[in-house]
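The values are calculated or read from the model by the stated rules, or taken from the named source; none is laboratory data. Please read all numbers here as calculations on a predicted model, not as lab measurements. Cβ atoms come from the backbone with ideal geometry, glycine included; neighbour counts cover every protein chain shown.
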Amino acid sequence: MTLSPLERAADSFAAELSRRRVARGLTKKQLAARMGFDPSYVSHVEGRRHRPTEDFARRAEAVLGASGAIWQRFQEYDELRQARTVPATRRPAPVGEQWLPPGTGLMVEEEVATLRYVDGVYRCVMRRRLYNGGIEPVTRYLVRVAVDRYPHDPGRSNRHHREHPLTFAELDLQARWRDDGRVESMDWRTKHDRDALKEAWLLFENAEGRFPLYPGHRATIEYAYTVAEEKWGPWFQRAVRMPTQRLVVRLDLPAELDPQVWGVEASLSAEEGPLRTPIERHPEGERVVFEWHTEYPQLHARYRLEWRFRTPPAAPTGTDDGDGERASDRMRAAGVVQRGADILRQPTRRFELPEEEDAAREAVDRLLEALERVDQLHPFSKGVGLAAPQLGLGWSAAVVRPPDRGAPPVVLLNPRVVDVGPDTDEQYEGCLSFFGVRGLVPRPLRLDVEHVEYDGSPVITSFEFAMARLVEHEIDHLEGRLYTDRMPAGMPVVPVEEYRDTGHPWRY
């Protein structure tokens, strides 16, 4: 079949794009992230299923540094597409030293986000170096402050912020603009004022004049605000809302509290998972700075650092009430969803295996990582388990670490009880989703469970005594049931402070 000149030009563009991408050692997904496009779009362009656009060509030229080759292929294609009979004046090629070409709007060349904790107060300082790649002056910049006291318990957090709303007065929002040694304070104007969310326009002006950011110019803005720990949970999240070249996130925490920090990321095309690169730890006297950075983050991606203090800050006498509030807060800080969250009462979805093997492996990896975190918080001599809903995941997956610490965790996918032994007993149980209490729960001494391997092969495993109790506890979670549902009517739970068998195995 003979191709038309237009089709040949589109093929030429796709071939040049692919050649330059491979030469730079980038996958289609990596190139898409740096360009701010969905990975499927790059695939479609290279596969000749989508025709290139001017914006796509400009970004590809700038990111791949193709010395004008990609841009030239696009112009050849575009001239044919426009069916021009006389060659028109060509658009200017992207400027080589710019990481993204003109016409793509406001861009962040570097963002450095720092959160510092001192004596129960968080101070956040955001610094962004901006480049105006658009065609109009920029006169304002939107900033957002969102707080979430209990990030893994939305219902509780919403109630808390309704009763204790964040105010602009306590934020003490301050901003300044800097360019070539010149520094100006920035006025700001409220856009949204809600209980847990504040949005404000930072204005490129103050009482003494205006300083708009013109096309082709750069400037640095810096703004800071303060939030007390009563309204800020153990998390710091950055969302990429415009093309960004470099993102740096820093946590500055007291060394005496022995902070432990981890991170997660998510995007429009991927569920939440661990950060792809490690967080760096830098001791600085009585402080510890945790720093993480990434280059060319994908648009609409979210990056979140979370932490817990192994040595919690001293609390006033009497603040640890009878329901073990501090114990549950430690588990919440480790990423475990707490009682009251809707997902703990919802049956989970079974995996279609082997088609959904990747999703199953990702869920199990997250469970095992969380299990390691909670294992550092408590001696768990009876063994410990964790089900997907306790991490906010709706999948039918759970992991159980046996009481014998030398044994590897048991992985359960799509588990269901197919037989139980005739004998039962009662033992006290705890749950990571309400760790401040213990309850006396009757369970069978033997349990036969059907579950599946990653390839979809069914397996039946028999569990006895402690493992039977642990496994049934986790299967209950997958069915939307808590251990309190199995307790005899009227039987109370026991506050952990009154429970006397912590650190001892169950007796059989």
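The table for this structure:
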| read-out | value |
| --- | --- |
| Residue, surrounded by the most Cβ atoms within 10 Å (Cβ to Cβ), within the range 161-187, restricted to residues that are touching a residue at least 12 places away in the same chain (Cβ under 8 Å) and part of a loop (DSSP other than H, G, I, E, B) | 166 |
| Checklist (1) assigned to a loop (DSSP other than H, G, I, E, B); (2) closer than 26 Å to residue 168 by Cα applied to residue 216, failing item | (2) |
| Meets criteria (under 23 Å from residue 481 (Cα atoms), acidic (Asp, Glu) and either under 22 Å from the mean Cα position of the chain (by Cα) or buried (at least 20 other Cβ atoms within 10 Å of the Cβ) (or both)) for residue 365 | no |
| Identity of the residue in the range 316-369, assigned to a loop (DSSP other than H, G, I, E, B) and among the β-branched types (Val, Ile, Thr), that ends up modelled with the highest pLDDT | 348 |
| Positions within the range 11-56 being of a type in the set (A, V, I, L, M) and either in contact with a Gly (Cβ under 6 Å, 6 or more places away or on another chain) or within 22 Å of residue 297 (Cβ to Cβ) (or both), in sequence order | 17, 26, 31, 32, 33, 35, 42, 45 |
| Of residues in the range 22-66 being β-branched (Val, Ile, Thr) and surrounded by fewer than 18 Cβ atoms within 10 Å (Cβ to Cβ), the one nearest to residue 243 (Cα to Cα) | 53 |
| Flag if residue 166 is in contact with a helix residue (DSSP H, G or I) (Cβ under 6 Å, 6 or more places away or on another chain) and hydrophobic (A, V, I, L, M, F, W, C) | yes |
| Conditions (1) in contact with a strand residue (DSSP E or B) (Cβ under 6 Å, 6 or more places away or on another chain); (2) surrounded by fewer than 16 Cβ atoms within 10 Å (Cβ to Cβ); (3) modelled with pLDDT under 80; number of the one not met by residue 104 | (2) |
| Check on residue 455, out of contact with any strand residue (DSSP E or B) (no Cβ under 7 Å at 6 or more places or on another chain), assigned to a helix (DSSP H, G or I) and either closer than 26 Å to residue 330 by Cα or in contact (Cβ under 8 Å) with a residue 12 or more places away in the chain (or both) | no |
| One residue from 400, 410 being surrounded by 20 or more Cβ atoms within 10 Å (Cβ to Cβ), among the aliphatic types (A, V, I, L, M) and closer than 29 Å to residue 259 by Cα | 400 |
| Qualifying strands (runs of 3 or more DSSP E) (wholly inside the range 254-302; at least 3 residues being surrounded by 18 or more Cβ atoms within 10 Å (Cβ to Cβ)) | 259-267, 287-295 |
| Residue within the range 459-477 that is in contact (Cβ under 8 Å) with a residue 60 or more places away in the chain and in a loop (DSSP other than H, G, I, E, B) present | no |
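Conditions (1) within 30 Å of residue 339 (Cβ to Cβ); (2) free of Cβ contacts under 8 Å to residues at least 60 places away in the same chain; (3) surrounded by 13 or more Cβ atoms within 10 Å (Cβ to Cβ); (4) among the aliphatic types (A, V, I, L, M), marked per residue:
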site: 145; (1), (2), (3), (4): yes, no, yes, yes
site: 159; (1), (2), (3), (4): yes, yes, yes, no
site: 197; (1), (2), (3), (4): yes, yes, yes, yes
site: 201; (1), (2), (3), (4): no, no, yes, no
site: 208; (1), (2), (3), (4): no, yes, no, no
